[in-house]
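Notes for the one structure printed next.
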Amino acid sequence: MSDNQVLTNAQAAEYIGITATTLRSWKSRKADLFTEGIHWISQDNQVLWTSAGLEVLQSIKGATDSVTDDVTDPLQEPVEAVTKGVTDPLQRYTGFVEAVANGIAPGLLHRIDNAVTRKVKQAIATPMSPAECVTLLTELGLKPCNPELLLSGNQTNLLTEYSEN
């Protein structure tokens, strides 16, 4: 394919050796790998793939092919062949487990990041009781002071109390 030529979804899918449905799924699920104007363009309400986009699609296909090559389908082989020499019967699912882990890890990490961020925001937004404040300051190695001294007009008393201790 020349650098100036573009292919429709159907043409690109045929060129890569996948279905048009799979191509649309990859474009949606792996959106972070594709940039409009570089990998694909939209023209007349139609997605057209560039040579750069086809290269990314081929690399995705190569990655999925290598994963499926590593996974043994236990229903396609006699049980003796699958379990022969395997001390742990679950070992035959190692490729499958890796494929699933690789598939869900990015989304799972994103969800964990969001959950942690949400919890931190909630914790910051929740006011502390005086006892919690004293405990936190003590754990941080700071000396808690009398909160009344923080009221406006008491700064001199605060400095005096702090310097005496």
Of the residues in segment 121-164, those that are assigned to a loop (DSSP other than H, G, I, E, B) and at pLDDT below 60 come to L151, S152, G153, N154
(1) among the β-branched types (V, I, T); (2) without any contact (Cβ under 8 Å) to a residue 24 or more places away in the chain; (3) surrounded by 15 or more Cβ atoms within 10 Å (Cβ to Cβ); (4) not in a helix (DSSP H, G or I) all hold for I38 apart from (3)
Filter segment 8-35 down to the residues that are assigned to a loop (DSSP other than H, G, I, E, B) and touching a residue at least 40 places away in the same chain (Cβ under 8 Å) and list them by number.
G17, I18
If the requirement is being modelled with pLDDT under 70 and over 20 Å from the mean Cα position of the chain (by Cα), which of these qualifies: V47, V79?
V79
Go through G107, G103, G62, G95 for me and flag whichever is modelled with pLDDT of 75 or more, part of a helix (DSSP H, G or I) and assigned by TED's automatic domain parsing to the domain that holds E14.
G62
Out of (1) at pLDDT below 75; (2) part of a strand (DSSP E or B), the one L90 does not meet is (2)
Criterion first (surrounded by 12 or more Cβ atoms within 10 Å (Cβ to Cβ), at pLDDT 75 or above and in a loop (DSSP other than H, G, I, E, B)) does Q5 satisfy it?
yes
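The values are calculated or read from the model by the stated rules, or taken from the named source; none is laboratory data. All of these numbers come straight from a predicted model, not from anything done at the bench. Don't worry about glycine lacking a Cβ; one is built from the backbone with ideal geometry, like all the others, and counts go over all protein chains shown.
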